[in-house]
């Protein structure tokens with residue numbers, strides 16, 4: 001099973017991914033954790049570009065789109081190998097984050113057409129002001145106006161693609177409990 005946590009920066013994805021992984025491991029399940037961008041060469045380049053003041057320009061957006069697609073192609077082999085070993089793959093972001101963050105969804109779909117889609121997507125929905133209070137912005141996309149647009153894109157994707165939406169404005173423990181309620185029946189475990 002391939003489970004993905006999506007959401008704007010500051011929604012709690014990394015924290016919840018770790019808590020979910022620990023909870024699954026407590027039940028004796030093997031877990032493979034994925035973070036996008038990865039530490040692959042394209043992933044490292046993505047991280048570098050995100051701090052560039054030109055990162056939000058149309059040209060750099062296209063470059064980032066291609067790099068994210070390349071990073072995911074490298075990651076797909078690792079995900080498939082983990083699934084063959086009956087590990088549960090849990091991911092902080094997936095292809096859907098490119099649809100939410102970047103322009104030209106048709107092109108994003110095209111360059112990601114060979115990417116494996118998650119079996120289960122959980123959107124951690126949080127107010128942008130609260131999200132911004134949770135981190136110190138290091139890249140040029142971490143501002144309220146931009147994140148409001150991304151949040152809107154995510155909510156539209158959630159509706160079109162049947163994501164589960166969790167209110168991430170709640171405390172860390174409540175969000176974790178809500179995620180467990182969603183994941184439990186899909187792995188044959190009780191909360």
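Observations, loosely collected:
- Tilt relative to the chain, helix 144-161 - C-alpha long axis, 0 to 90 degrees, to 10: 50
- Within a Gaussian network of the chain (alpha carbon springs, distance under 10 Å), most fluctuating of 149, 65, 171: 171
- Mean Cα-pair separation over length for the chain, i.e. relative contact order, pairs under 8 Å, 6 or more apart, %: 33
- C-alpha long axis of helix 58-84 to longest principal axis of the chain, angle in °: 20
- Between residue 130 and residue 181, the modelled labels are 1.5 nm apart [label points 7 Å from Cα along Cα→Cβ].
- Within a Gaussian network of the chain (alpha carbon springs, distance under 10 Å), most fluctuating of 133, 11, 91: 133
- FRET E, pair residue 63, residue 173, Förster distance 41 Å, beta-carbon r, rounded to 0.05: 0.55
- Of 125, 71, 178, the one that fluctuates the most in a GNM where the chain has Cα springs shorter than 10 Å: 178
- Rounded Å value of the spacing that divides the Cα centres of segment 90-120 and segment 141-173: 15
FYI, it's all coordinate maths here, none of it is from the lab. No experiment lies behind these values; they were computed from the predicted model shown. Ideal geometry is used to build each Cβ from the backbone, glycine not excepted, and the neighbour counts take in all protein chains shown.
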